[in-house]
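Heads up: the structure comes next, in structure tokens.
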Amino acid sequence: MTPNPTCLRCWQVISPADTIELDGDRVVHLDCRRPRRLTFDEQALLYQYCWDHAVGECVSCARSVRTNELLSSPDTDLCPQCRTDLTDGVRAHIYSCTTIPADVRRRAQDARAAGHKLVKQRGQADVLMPEAEVAVAALRVAMKQSALERLRRIIRVKLRDGSLPYDGIPATTPGRPGDNSPCGACDHDVTSPQLMMVVTRHASPRSAPIPFHADCFELWDEERRTSKSSS
């Protein structure tokens with residue numbers, strides 16, 4: 001049996017349950033301090049789909065912990081109150097939460113399984129490393145496609161209820177640095193490093209301008225034109 005590899009950052013053995021990343025042709029811990037921590041993709045799934053979910057039970061505090069509490073902390077899988085490790089419970093939530101589309105959950109499971117396989121069968125690294133990279137890339141594509149479709153559905157609802165306009169807007173839309181205003185499409189703040197598109201309504205000049213992330217603006221513009229042409 002091929003021995004488990006050693007992390008070249010901390011020189012500790014990498015177990016199949018550890019969370020790894022690829023550093024060139026080397027397999028290393030994602031976080032040597034907490035070898036089993038959530039991957040960045042797992043954290044992104046929590047942020048995107050499970051923001052207000054109870055995702056872990058802290059036995060030490062006898063309390064339920066929600067995603068927004070975890071992601072507001074520098075250590076995203078530790079209880080924010082007592083620092084108990086909640087990784088197992090949070091990870092179990094991710095892979096069973098029906099709010100996350102089934103295809104995305106399956107891709108996430110495939111990516112984690114590919115990492116486990118790479119650690120357990122280190123002698124086949126030449127074959128398994130590209131397999132692991134493909135699994136992670138497929139997960140990220142699925143996450144991006146799912147996020148876009150989810151945002152499109154939100155925009156369609158807002159167009160129907162009048163929260164976002166179909167027409168009555170200027171031919172050109174100015175852009176400027178974000179000022180932390182909430183985006184009219186996704187409701188997340190448009191921060192200062194981001195480009196903010198600002199839409200005004202000719203039909204309702206007294207209405208407040210609507211800020212958008214640049215990507216959200218493009219989706220809204222596409223959806224409103226598609227809705228108008230099909231009506």
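The values are calculated or read from the model by the stated rules, or taken from the named source; none is laboratory data. These numbers were taken from a predicted model, which means no experiment stands behind them. All Cβ positions, even for glycine, are placed from backbone atoms using ideal geometry, and neighbour counts span all protein chains on display.
Only one residue in 145, 109 is surrounded by fewer than 18 Cβ atoms within 10 Å (Cβ to Cβ), without any contact (Cβ under 8 Å) to a residue 12 or more places away in the chain and in a helix (DSSP H, G or I). Which one?
After ruling out the rest, the residue left standing is 145.
For residue 125, which of the numbered conditions (1) touching a strand residue (DSSP E or B) at 6+ places or on another chain (Cβ under 6 Å); (2) part of a helix (DSSP H, G or I) fails to hold?
Unmet for residue 125, out of (1) touching a strand residue (DSSP E or B) at 6+ places or on another chain (Cβ under 6 Å); (2) part of a helix (DSSP H, G or I): (1).
Among the residues of the stretch 112-142, write down those that are over 17 Å from residue 40 (Cβ atoms) and touching a residue at least 24 places away in the same chain (Cβ under 8 Å).
Once the filter is applied, which keeps residues that are over 17 Å from residue 40 (Cβ atoms) and touching a residue at least 24 places away in the same chain (Cβ under 8 Å), the stretch 112-142 yields 116, 118, 119, 120, 121, 122, 123, 125, 129.
I need every pair where a residue in the stretch 149-177 that is under 15 Å from residue 225 (Cβ atoms) has its Cβ under 8 Å from the Cβ of a residue that is of a type in the set (Ser, Thr, Tyr) and exposed (fewer than 14 other Cβ atoms within 10 Å of the Cβ), sequence separation at least 6 or different chains.
168/204
Show the residue pairs that are 6+ apart or on different chains and have beta-carbon atoms under 8 Å apart, the first residue being within the stretch 71-83 and part of a loop (DSSP other than H, G, I, E, B), the second being modelled with pLDDT under 85 and not acidic (Asp, Glu).
What qualifies is 80/72; 80/73.
For residues that are modelled with pLDDT of 90 or more and in contact with a Leu (Cβ under 7 Å, 6 or more places away or on another chain), tally how many sit in the stretch 22-42.
4
Would you confirm whether any residue within the stretch 179-192 is exposed (fewer than 12 other Cβ atoms within 10 Å of the Cβ), touching an Asp or Glu at 6+ places or on another chain (Cβ under 8 Å), modelled with pLDDT under 95 and of a type in the set (Ser, Thr, Tyr)?
Checked the stretch 179-192: at least one residue is exposed (fewer than 12 other Cβ atoms within 10 Å of the Cβ), touching an Asp or Glu at 6+ places or on another chain (Cβ under 8 Å), modelled with pLDDT under 95 and of a type in the set (Ser, Thr, Tyr).
Is at least one residue of the stretch 161-170 of a type in the set (D, E, K, R), surrounded by fewer than 13 Cβ atoms within 10 Å (Cβ to Cβ), assigned to a helix (DSSP H, G or I) and modelled with pLDDT under 95?
yes
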